[in-house]
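The values are calculated or read from the model by the stated rules, or taken from the named source; none is laboratory data. Keep in mind that what you see is a predicted model, and the values were worked out from it rather than measured. A quick note on method: Cβ atoms are made from the backbone with ideal geometry, for glycine too, and the neighbour counts reach across all protein chains shown.
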Amino acid sequence: MELKDLKFEDTVVNSINSLSPYIGKMRIELAKYLIEHYAPKGSVIYDPFAGSGTVLLEGWTLRYEVVGNDLNYYAYVLSMGKLNPYKTLEEAEKKLLKYKKLSECKSKTIDITNIPEWVKSFYDEKTLKEIKSWVFYLKRNKEWFFLSCLMGILHHQRPGFLSYPASHGAPYLRSKKYPIDSYPDMYKYKNVYEKLLNKVKRSYKNVPQLDYALSRRMFNKDARNICFKNEHFSTIITSPPYMKSLTYARDNRLRLWFLGEEDWITLDKKISPEKSTFIELMRTCFKKWAKLQEAGDKCIVVIGDISVAYNEKKISLSEVLIDISKKHYTCIETFCDPIPETKKIVKGSTRIKQEIIVVLERK
Ligand SMILES: C[S@@+](CC[C@H](N)C(=O)[O-])C[C@H]1O[C@@H](n2cnc3c(N)ncnc32)[C@H](O)[C@@H]1O
């Protein structure tokens, strides 16, 4: 298999892309490159494993209609948030003020006795009650943009965040590094409205012009089972969950808990599959996607450069994908995208050094 290195031009990062963290995110530059090179103008782009919605937001920015899906409810909320920001910061500020009154009133009636201790350990009591009330109203009113902003400030040690000192990615307290006796301010009540307003302001720092007339859809289903009737997706761009070690639910367990998804262990069993389950998942998906595409349409899969045992040989996972898709697709190109040193992921004892982009064409 021939590989060519990708060179990207510098991309100005859309601040909407950073509403809240997500592991295993696709590089924005890569999403942009793939859309610009393979998606016909005016067509629909589908990402069945959308995660934090990188492909969807980039597609919308480049004036495409987009359809996304992810089985992780946090990914669904985050993608919906990125696809539905208020048109202006002024509009967002006005709306936020309405929720301030409602949430502050409701927070006085919140009972936290049944909240699990591990959740309580991250927050001052009054802050926790306020967060619960905000989530209640934002979720009930499908305020995905505000809800995503709130998910993005749930935990960290910086002053703009709501928890006691903690990490920002996966939730871990940092009380050893920042003991309460030496850092009492880090353990005080935090006003949710103030922190959320600042987060919303930061999110509008650099937003390109977006066309709100374009359709943007997102689903929260298993990619194997999702059904589309009479739809045509001329471009599929996706990065599937090929690594069991990327635990999408475990790392987001605190965010998922606030969103009402308490059983992150069961969710991870579904969304961070073993190798054999992953291959079966992809086999089913290719069959499904083939029905949504016409001859000449592209299906682009971004996958880590790892070797796996397959048909009694050790071969690259990208070659396995090419093999299992060959009934419906022809591989027309493969690229390699080196993972920057700081973002390298460890699988077992091996570091994944690059990702392979497999470009398939519908037969
Ligand atoms: C590598 S991540 C995608 C990252 C995404 N490209 C981004 O930029 O954020 C893979 C995603 O697949 C989702 N996933 C795993 N199994 C799934 C399934 N059976 N159906 C739908 N989504 C699934 C995971 O929740 C995860 O968000």
Qualifying residue in the stretch 202-214 (condition: over 26 Å from Cys299 (Cα atoms) and outside any loop (DSSP other than H, G, I, E, B)): yes
Breaking point among (1) surrounded by 15 or more Cβ atoms within 10 Å (Cβ to Cβ); (2) in a helix (DSSP H, G or I), for Ile265: (1)
Subset tally (residues that are touching an Asp or Glu at 6+ places or on another chain (Cβ under 8 Å) and over 18 Å from Gly152 (Cβ atoms)) for the stretch 240-267: 4
Residue in the stretch 34-42 that is more than 30 Å from Pro171 (Cα to Cα), part of a loop (DSSP other than H, G, I, E, B) and either modelled with pLDDT under 95 or in contact with a Cys (Cβ under 9 Å, 6 or more places away or on another chain) (or both) present: yes
Close pairs (9 angstrom Cβ cut-off, 6 or more residues apart or separate chains): surrounded by fewer than 11 Cβ atoms within 10 Å (Cβ to Cβ) in the stretch 80-97, part of a loop (DSSP other than H, G, I, E, B) anywhere: Lys87/Leu210; Lys87/Tyr212
Residues of the stretch 34-87 satisfying the condition of being within 8 Å of the ligand (Cβ to nearest atom) and farther than 17 Å from Leu256 by Cβ: Asp47, Pro48, Phe49, Thr54, Val55, Asn69
Positions within the stretch 283-325 being of a type in the set (D, E, K, R) and either touching a residue at least 40 places away in the same chain (Cβ under 8 Å) or touching a Leu at 6+ places or on another chain (Cβ under 9 Å) (or both), in sequence order: Arg283, Lys287, Lys288, Glu294, Asp297, Lys298, Asp305, Glu319
Which numbered condition Glu58 fails, given (1) out of contact with any strand residue (DSSP E or B) (no Cβ under 8 Å at 6 or more places or on another chain); (2) farther than 22 Å from Asp297 by Cα; (3) part of a helix (DSSP H, G or I): (2)
Residue match in the stretch 222-233 (condition: within 20 Å of Asn14 (Cβ to Cβ), of a type in the set (Gly, Ala, Ser) and within 16 Å of the ligand (Cβ to nearest atom)): no
The stretch 281-318, residues that are more than 16 Å from the ligand (Cβ to nearest atom), among the charged types (D, E, K, R) and part of a helix (DSSP H, G or I): Lys291
Number of the condition not met by Met243 [criteria: (1) of a type in the set (A, V, I, L, M, F, W, C); (2) surrounded by 19 or more Cβ atoms within 10 Å (Cβ to Cβ); (3) at pLDDT 95 or above; (4) within 13 Å of the ligand (Cβ to nearest atom)]: (3)
